[in-house]
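To start, the structure under review is shown below, and the notes come after it.
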Amino acid sequence: MALKTIMTALAATLGLAMAGGMALAADISSSAATAGGKALVARQAHFKDQGAAFKAINDELRKDAPDKAAIIANTATLKSNGEALPTWFPKGSGPETGLKTAAKPEVWTDAAGFEAAANRFQVETARLADIASAGDMDALKAQVRATGGACKNCHDSYRGPDPH
């Protein structure tokens with residue numbers, strides 16, 4: 001009899017936990033369906049692409065014979081992302097969406113500072129793409145560091161810890 005009672009209680013607890021999880025998933029799903037939520041999800045995808053492109057460039061530069069075409073393609077991705085980056089942060093796409101984000105409120109409260117940081121990234125990624133096209137690997141390595149510095153500059157002021 002005691003085992004049956006324990007099993008019933010366990011089943012009820014499991015059912016409540018599943019229902020709570022489904023409700024949370026539905027809430028997150030509805031948050032992601034808002035304009036701000038869609039912008040936040042898209043922004044996170046863009047940053048993952050950007051990180052993958054940066055990693056691919058660095059991986060190539062570690063090789064004895066880097067693939068120039070791969071470097072050029074990935075620097076083009078970074079340049080394109082740099083140009084679009086300011087549009088990834090529309091008002092309403094921060095923590096108020098109810099979704100996890102590393103974007104600090106300062107992105108929106110210090111718009112001029114954020115714009116300056118985004119502009120620095122745009123300048124550095126454009127230089128990176130130009131140098132990659134020219135094929136000077138030593139200059140490219142130096143510009144990768146400068147571009148990384150622009151990333152860090154923005155992260156220091158406008159990005160908090162990864163919420164995932």
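Simple spin-label estimate for LYS63 and ASN153 gives 3.1 nm between the two label positions (7 Å along the Cα-to-Cβ direction from each Cα). One chain, two ends: GLU83 and ALA116. Fully extended at 0.36 nm per residue, the span grows by 10.6 nm beyond their Cα-Cα distance.
Counting only lysines at least 8 places from LYS91 when in the same chain, those with an alpha carbon closer than 20 Å to its own are LYS38, LYS100, LYS104. By the rule of a C-alpha distance below 15 Å, with chain neighbours fewer than 8 residues away ignored, the aspartates and glutamates paired with LYS141 are ASP59, GLU60, ASP64, ASP67, GLU124, ASP130. Residues whose amide H falls under 5 Å from that of ARG159, counting only those 5 or more places apart or on a different chain, are LYS104, with hydrogens built in the peptide plane.
Any read-out appearing in this document is the output of simple, stated calculations on the displayed coordinates, not a laboratory observation. None of these values were measured; they are calculated from a predicted model. For neighbour counting, all protein chains shown are included, and Cβ atoms are generated from backbone atoms with ideal geometry for every residue, glycine included.
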